[in-house]
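The values are calculated or read from the model by the stated rules, or taken from the named source; none is laboratory data. Just so you know, these numbers come straight off a predicted model, no measurement behind them. Glycine gets a Cβ as well: all are built from the backbone with ideal geometry, and neighbour counts include every protein chain shown. Surface areas here come from the heavy atoms of the whole protein model, side chains and all, with no ligands, DNA or RNA. Shrake-Rupley method; radii C 1.70, N 1.55, O 1.52, S 1.80 Å.
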Amino acid sequence: PSFTFDPFFHAGCYYVQEASSMLLEQAFIQHMSLQQPICALDLCAAPGGKTTHLYSLLPKGSVLVANEVIKSRVNLLRDNCIKWGTTAVVVTQNDPYHFQELADLFDWITLDAPCSGSGLFRKDEKAMNEWNPELVDFCAARQKRILHAAIETVAEGGYLFYSTCSFSEEENED
């Protein structure tokens, strides 16, 4: 379906995302106590689907930092957070390494890492045409760098939810 002309979509009444993205909710509910405020970070947050979904799950008094390193994507993230009616989301544009100064702070980190996009082949011909083994290697190295920075910020007893839209072992299991 096309949501381009749906005023409810543009008003932030709902957000469309892949079904696999909704795994975040189950992981969060199964591992986090919803009885006390949580300090959460969405490290690679744009366009904001997982950010707004996570925000909807947070207990009262929680804070969510939604970060996007790519400047051209930050406004889209901010706009989607505003549409969703978020009041406890801080939108930032920082390199993941900047968060290392906040060591052991976040109870929950979502890291939907930028990837080679092989999981998008079924719906995006451009992703298929741009994919190559060198891109996988480049993305895997970038993901390891981001993951290393994120691990430093997870509080004791906290969780890091890692995902990609890639099928390659280098970008996931490795």
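Numerical summary
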| read-out | value |
| --- | --- |
| Selection within segment 98-132 - over 23 Å from residue 20 (Cβ atoms), in contact with a helix residue (DSSP H, G or I) (Cβ under 9 Å, 6 or more places away or on another chain) and open to solvent by 80 Å² or more (accessible area, probe 1.4 Å) | 98 |
| Test: residue 74 is part of a helix (DSSP H, G or I) and in contact with a helix residue (DSSP H, G or I) (Cβ under 7 Å, 6 or more places away or on another chain) | no |
| In segment 1-19, residue nearest to residue 90 (Cα to Cα) [restricted to those that are without any contact (Cβ under 8 Å) to a residue 24 or more places away in the chain and of a type in the set (Gly, Ala, Ser)] | 19 |
| Residue 160 being of a type in the set (A, V, I, L, M), open to solvent by 30 Å² or more (accessible area, probe 1.4 Å) and part of a helix (DSSP H, G or I) | no |
| Subset tally (residues that are part of a loop (DSSP other than H, G, I, E, B) and either under 30 Å from residue 36 (Cα atoms) or touching a residue at least 24 places away in the same chain (Cβ under 8 Å) (or both)) for segment 87-146 | 13 |
| Within segment 18-33, considering residues that are in a loop (DSSP other than H, G, I, E, B) and closer than 19 Å to residue 156 by Cβ, the one most open to solvent (accessible area, probe 1.4 Å) | 33 |
| In segment 49-81, residue surrounded by the most Cβ atoms within 10 Å (Cβ to Cβ) [restricted to those that are among the β-branched types (Val, Ile, Thr) and under 21 Å from residue 18 (Cα atoms)] | 51 |
